Amino acid sequence: MITPAQREAWDREGYFFLRSAIDPAFAAAVEDEVVGRIRADPPAAHPGEQTYSSGDNYLIYPETEPSPGAANPEDLVSKVFNCHAEGLSRQLAERREIVDVVAGLIGPDVDCFQSQFIFKNPGVIGQPWHQDSYYFKFDKQPQVGVWVALSRATLENGCLWVAPGSHRSGEIFEHVPDRRPAANRGYQEIVSQDTTAKVSALMEPGDVLIFHSYLMHMSTDNVADYRRSAMVYHYGRVGTQASTPESAFVLSRVNRWIPVRRAE
Ligand SMILES: O=C(O)CCC(=O)C(=O)O
């Protein structure tokens, strides 16, 4: 299910790309679906709410510092969780091009447990250095992140950056709150690790980045005049449990465990 080169990249670097894995027209349809849902239930209908639920699954995070040029409801949204529980976003989460690779890394049986549609609108700040497993308080580690480019990801619009090999310590490092004034509430950063060897993840619509949940990564601010959109999925092994009752409670808001692959 994975090539020797992919296995080597996973072990040594903690990430690799699947270039042109998804038809750009399908990527655009996924984005249209999420945008349509936001237009049907916009942030303006939820004044003062830091997050709001929409339908059975969507958990929408309005932007704390919207772009000055915001015109449409989606321009006021930072991210949407739980898209993978339904619709085209679920179909994308289930695509064999992705799921077979994930199964080759941590399988054979895997679930998709989280998704975030990340709108990075013009003027919006990036996310600081972090490891995703810091947030995934689970008994089984690691997980696999799958970052699907729905738009281009460029240096200007705030592409992802990774610290190659940073997963290899096998440690989840201490994180501290992001102190930037415009930071999304509650986001945490790693401050003590050497990230000088960072590599940019420049991507075209339909490109996919597969990454280890211990890999340190960050993204820069969007200084372009166009959006950078991505659907970020996370996959784990079947039977994974929250490591404490407290983490089960916290994770239940942003996680939906959806079976995507079982060994034949
Ligand atoms: O896409 C981004 O800007 C950041 C995504 C990220 O860091 C994450 O999904 O953990």
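The values are calculated or read from the model by the stated rules, or taken from the named source; none is laboratory data. Everything numeric here is computed off the predicted structure, so don't read it as measured data. Cβ: placed from backbone, ideal geometry, glycine included. Neighbour counts: every protein chain shown.
So is residue 166 within 16 Å of the ligand (Cβ to nearest atom) and of a type outside the set (Lys, Arg) or not? Spelling it out, residue 166 is indeed within 16 Å of the ligand (Cβ to nearest atom) and of a type outside the set (Lys, Arg). For region 106-137, the set of residues classified as near the ligand (Cβ under 9 Å from one of its atoms) and of a type in the set (D, E, K, R) consists of 120, 132, listed by residue number. Filter region 210-221 down to residues that are within 25 Å of residue 35 (Cβ to Cβ) and near the ligand (Cβ under 9 Å from one of its atoms), then give me how many there are. Summing the residues that are within 25 Å of residue 35 (Cβ to Cβ) and near the ligand (Cβ under 9 Å from one of its atoms) in region 210-221 gives 2. Being assigned to a helix (DSSP H, G or I) and surrounded by fewer than 18 Cβ atoms within 10 Å (Cβ to Cβ) is the filter here; which residues of region 41-72 pass it? 44, 45, listed by residue number.
Look at (1) within 16 Å of the ligand (Cβ to nearest atom); (2) modelled with pLDDT of 95 or more; (3) out of contact with any strand residue (DSSP E or B) (no Cβ under 9 Å at 6 or more places or on another chain); (4) not basic (Lys, Arg) and you find that residue 88 fails only one, number (1). Restricting attention to region 162-186, the residues that are at pLDDT 90 or above and of a type in the set (S, T, N, Q) add up to 2. If you filter region 227-247 down to residues that are closer than 16 Å to residue 82 by Cβ and among the small types (Gly, Ala, Ser), you find that the one that is nearest to the ligand (Cβ to nearest atom) is 230.
Screening the candidates 201, 263, 163 for the property of being in contact with a Ser or Thr (Cβ under 7 Å, 6 or more places away or on another chain) and either of a type in the set (S, T, N, Q) or more than 24 Å from residue 60 (Cα to Cα) (or both) yields one hit, 163. Candidates in region 187-209 are the residues that are within 13 Å of the ligand (Cβ to nearest atom) and closer than 20 Å to residue 141 by Cβ; of these, the one that is modelled with the highest pLDDT is 209. Restricting 208, 162 to residues that are β-branched (Val, Ile, Thr), surrounded by 15 or more Cβ atoms within 10 Å (Cβ to Cβ) and closer than 17 Å to residue 11 by Cβ narrows the list to 162.
Scan region 166-174 and tell me whether some residue there is in contact with a strand residue (DSSP E or B) (Cβ under 8 Å, 6 or more places away or on another chain), in contact (Cβ under 8 Å) with a residue 12 or more places away in the chain and hydroxyl-bearing (Ser, Thr, Tyr). No - not one qualifying residue is present in region 166-174. For residue 20, the requirement of being surrounded by 14 or more Cβ atoms within 10 Å (Cβ to Cβ), closer than 25 Å to residue 201 by Cβ and hydroxyl-bearing (Ser, Thr, Tyr) is not met.
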